[in-house]
Amino acid sequence: MQRLPALLALAAIVAVVMLMVRLGKLEDRLMHYEHVNGGGPAPAASAPAPVKEPLQEVAPYMGRIQNYLQKYWLSVKAGNEPLAYFYVDEIEESMEAVEEMGLIDKGIPISAHMRTYGLATIKTIEKHMKEDGLARAADDLDLLVNTCNSCHERTGHDYINIQLPTASRFSDQRFEP
Ligand code: HEC
């Protein structure tokens, strides 16, 4: 009976040693796997030189921005400040994505225009919201729509004419707080 604690301790030590061995093997396997699958610099060097996407699509981002603009408008109409702020932030993120593309299309600096038109306006709107909540939201919405259209003009897309929505097409989302 008195040997029991000693035996238990021995068993524990054996278990720990076995665990360490297994872990060591696992680590070896992992390192091998990482090496084979491009964890190191070797595979990158053998891959073809990264080519910048010839023309990244702006239109899908525009579709999103249009969607968020509608939801921003609906949130304002419903007096839902946190939701309005959420959608302004979503618009900003999509605009930033276009800005970060570094896109120049047929000599027109799309990404730079996104900075001077879209993002500048969004920053202004965010400032207004921080200062006054939704008090200036009606003017801000008009400002934003003007910005959309100014940039469309500047980028040779004056036929894409944005206006504020006249009704909700989202029967599946409540905008009230
Ligand atoms: C860089 C400045 C810029 C700003 C700011 C901008 N757009 Fe655009 N927009 C474009 C360009 C460029 C295209 C054409 C994309 C293409 O050629 O694929 C476009 C196309 C569109 C389209 C047509 C594609 C579609 O999904 O039907 C819509 C809608 C649109 N924009 C909505 C908006 C809205 C809404 C805003 C403002 C909240 C906005 N845009 C702000 C540059 C801009």
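The values are calculated or read from the model by the stated rules, or taken from the named source; none is laboratory data. Just so you know, these numbers come straight off a predicted model, no measurement behind them. When we count neighbours, we look across all protein chains shown, and the Cβ atoms used for this are built from the backbone with ideal geometry, even at glycine.
The table that follows gives values for the structure above.
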read-out: Top-ranked residue of the range 103-152 - restricted to ones that are within 15 Å of Y85 (Cα to Cα) and among the basic types (K, R), ranked as nearest to the chain's Cα centre (by Cα); value: K123
read-out: Residue list for the range 117-144, restricted to those being without any contact (Cβ under 8 Å) to a residue 24 or more places away in the chain and buried (at least 19 other Cβ atoms within 10 Å of the Cβ); value: D140
read-out: Any pair with Cβ under 8 angstrom, 6 or more apart, that starts in the range 145-158 at a residue that is small (G, A, S) and at pLDDT 95 or above and ends at one that is surrounded by fewer than 19 Cβ atoms within 10 Å (Cβ to Cβ) and assigned to a helix (DSSP H, G or I); value: none
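One line per residue, one yes/no per condition, for (1) closer than 28 Å to P177 by Cα; (2) within 14 Å of the ligand (Cβ to nearest atom):
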position	(1), (2)
D89	yes, yes
E93	yes, yes
E99	no, yes
I104	no, yes
G107	no, yes
K127	yes, no
